[in-house]
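Novice: Attaching a single structure in structure tokens format; questions to follow.
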Amino acid sequence: AEKLDPLNPRVKAGLGSLLVRAERPGEALRRFQEAETRGLDPSKYAGDRGLAYDLIGEQERAQRDYRLALRKGPDDEITRRYALSMGISGRKKEALDLLDPLLRKSDRAAWRDRAFILAMSGDRDGAQKIANSMMSPGLGAGLAPFFDRLPMLSAADRAFAVNFGELRATPERLADARMIPALPRLGPDPTAPKVLAAVEQP
């Protein structure tokens, strides 16, 4: 498709989404930048660009993109990514609140992500309890070393761990990191949740 129409921004965004799933966020962000430069509405690929940002340790950018993507309507996968991003950045309560509606629907992926968020916050026992209840005894116990490592990882490493199960940076990942483009300075956040100010009683 790119050979037939090399300037098509939808093709650029599509390639970016594929590259994110291939664990190449640096190269993916270059594609997303090309798509935006050529006029494609970022909301069309914000959910995948958010994951790319998470994978390079840019959680604030990631969370803005997840909120932008969710403006189009509910999306369970984007919600789970958003919750994990909150957990990566240490915002445990907000992360768990985001997952709660999915947990009420018995979403197994949401329960898995809840375990990851608990482990990242240092609640290894809570994470292990979920793993033991969802998996066979051997498989659940096998996650214990993974849970132990999560709190000690950098933000980018946590993102790779909880999204792809990868605890160590591979040579391919290190090479991709050199492709991360220069990122614009963050300005005011148009997607920020509105907080109602408390009204003082006279």
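The values are calculated or read from the model by the stated rules, or taken from the named source; none is laboratory data. Everything quoted here is computed from the prediction, not taken from an experiment. Methodologically, a virtual Cβ is constructed for each residue, glycine included, from the backbone with ideal geometry; neighbour enumeration extends over all protein chains shown. Ligands, DNA and RNA are stripped out before the accessible areas are found, and what is left, the full protein with its side chains, is counted by its heavy atoms. Shrake-Rupley method; radii C 1.70, N 1.55, O 1.52, S 1.80 Å.
Novice: Given (1) more than 25 Å from Gln59 (Cα to Cα); (2) open to solvent by 20 Å² or more (accessible area, probe 1.4 Å), identify the lone condition not met by Asp107.
Specialist: (1)
Novice: Can you find a residue that is within 21 Å of Met179 (Cβ to Cβ), in contact with a helix residue (DSSP H, G or I) (Cβ under 9 Å, 6 or more places away or on another chain) and buried (at least 21 other Cβ atoms within 10 Å of the Cβ) anywhere in segment 76-89?
Specialist: No: zero hits.
Novice: Within segment 141-165, which residues are touching a residue at least 40 places away in the same chain (Cβ under 8 Å) and open to solvent by 30 Å² or more (accessible area, probe 1.4 Å)?
Specialist: Listed by number, the residues that qualify are Ser154, Ala155, Arg158, Asn163, Phe164.
Novice: Something else now. Within segment 142-155, is even one residue in contact with a Leu (Cβ under 6 Å, 6 or more places away or on another chain) and of a type in the set (Gly, Ala, Ser)?
Specialist: no
Novice: Within segment 58-72, is even one residue within 18 Å of Leu150 (Cα to Cα), crowded, with 19+ Cβ neighbours inside 10 Å and at pLDDT 95 or above?
Specialist: So far as segment 58-72 goes, yes, one or more of its residues are within 18 Å of Leu150 (Cα to Cα), crowded, with 19+ Cβ neighbours inside 10 Å and at pLDDT 95 or above.
Novice: Another question, then. Tell me whether segment 27-36 contains one or more residues that are of a type in the set (A, V, I, L, M, F, W, C) and either open to solvent by 20 Å² or more (accessible area, probe 1.4 Å) or under 13 Å from the mean Cα position of the chain (by Cα) (or both).
Specialist: No.
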